[in-house]
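Contents: one structure, followed by commentary.
The values are calculated or read from the model by the stated rules, or taken from the named source; none is laboratory data. Everything quoted here is computed from the prediction, not taken from an experiment. Glycine also receives a Cβ, built like all others from the backbone with ideal geometry; neighbour counts cover every protein chain displayed. Accessible surface areas use protein heavy atoms only, side chains included; no ligands, DNA or RNA. Shrake-Rupley method; radii C 1.70, N 1.55, O 1.52, S 1.80 Å.
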Amino acid sequence: TVTSITLTDLLEDYDPPVFGVEFTHPANVQDNNGLTPLLFVLKTIYGWLHSTKCARTALLRERFKVGLLKVLKALKNDSDFLYAAPGGITALHLAIGLEYACLGEECIESLLACGCDPDAPLDDSGDRPVHLAARHNPNALKPLLQGVTFVRRPGDDSDDPVPVASLASPNARNFKGESPLDLAVRMRYVSSVALLLQGGADPNVLDADGDTPLAKAEYDQINVGGWAISTLLKDHGALALIPEEPYDCLLYTSDA
């Protein structure tokens, strides 16, 4: 719990350490699992939100958000937001969700504004935050790809924009050669496809088998139906097949 009164404030009449205790705590101390306090909080929230006891309720998610934003504000100047726990897991990975959706856009914005790396890869899969967002949590894609222009924190009345040094790479590939657009098309997430294309994803990126996103979308709609994804791709210049050679080279092969 983060409050406005700390133990040091209560004992301000004393010069620490009091009774041999220094009333400060290193923000980057690690537990036996290599987790800092920030990562411990996020991992705990991640587990709670997807437990049967919590039932993944939206109300609980909102209550977590308020407390977490206060924690981030308290840790902003002291915590290492670039730190990765064993496995390459960062605060951003946990907030987006490792296997299913976790926190929403506002918390992702705050983590980015605090300095989290938007392109940090996981050790086992090479998935970056944008891969996880495309697969589990479309709400995270907008701040990852468009940046943070304003962070809304409880009690923060400032209107100054918060700059972000770098954005996520929309065409990054994981160790399987998958791009975020590959994942979004395969899972039929229309909103994720739209946000990725708006954020600069290549509509003609080839997967490991040499297939384009449009080829996959059109094959999928034959079996499942629905034209939304293929329409989005075509609107952004997607092709069903990529020629091995430019058309000009095929048409002009001699001087005749």
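See the values below:
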{"item": "Test: Val162 is in contact with a helix residue (DSSP H, G or I) (Cβ under 8 Å, 6 or more places away or on another chain), at pLDDT below 80 and open to solvent by less than 10 Å² (accessible area, probe 1.4 Å)", "result": "no"}
{"item": "Residues of the range 68-82 satisfying the condition of being farther than 17 Å from Thr44 by Cβ, of a type outside the set (Asp, Glu) and part of a loop (DSSP other than H, G, I, E, B)", "result": "Lys76, Asn77, Phe81, Leu82"}
{"item": "Residue under evaluation Ser79, criteria (1) open to solvent by 10 Å² or more (accessible area, probe 1.4 Å); (2) farther than 19 Å from Asp31 by Cβ; (3) hydroxyl-bearing (Ser, Thr, Tyr), criterion not met", "result": "(2)"}
{"item": "Failed item in (1) in contact (Cβ under 8 Å) with a residue 60 or more places away in the chain; (2) crowded, with 21+ Cβ neighbours inside 10 Å, with Leu68 passing the rest", "result": "(1)"}
{"item": "Single unsatisfied condition, Leu103 versus (1) of a type in the set (A, V, I, L, M, F, W, C); (2) outside any helix (DSSP H, G or I); (3) more than 20 Å from Val148 (Cα to Cα)", "result": "(3)"}
{"item": "Selection from the range 169-193 of residues that are of a type outside the set (Asp, Glu), part of a helix (DSSP H, G or I) and open to solvent by less than 20 Å² (accessible area, probe 1.4 Å)", "result": "Pro180, Leu181, Leu183, Ala184, Val185, Ser192, Val193"}
{"item": "Count of the range 83-100 residues which are modelled with pLDDT of 95 or more, buried (at least 19 other Cβ atoms within 10 Å of the Cβ) and part of a loop (DSSP other than H, G, I, E, B)", "result": "1"}
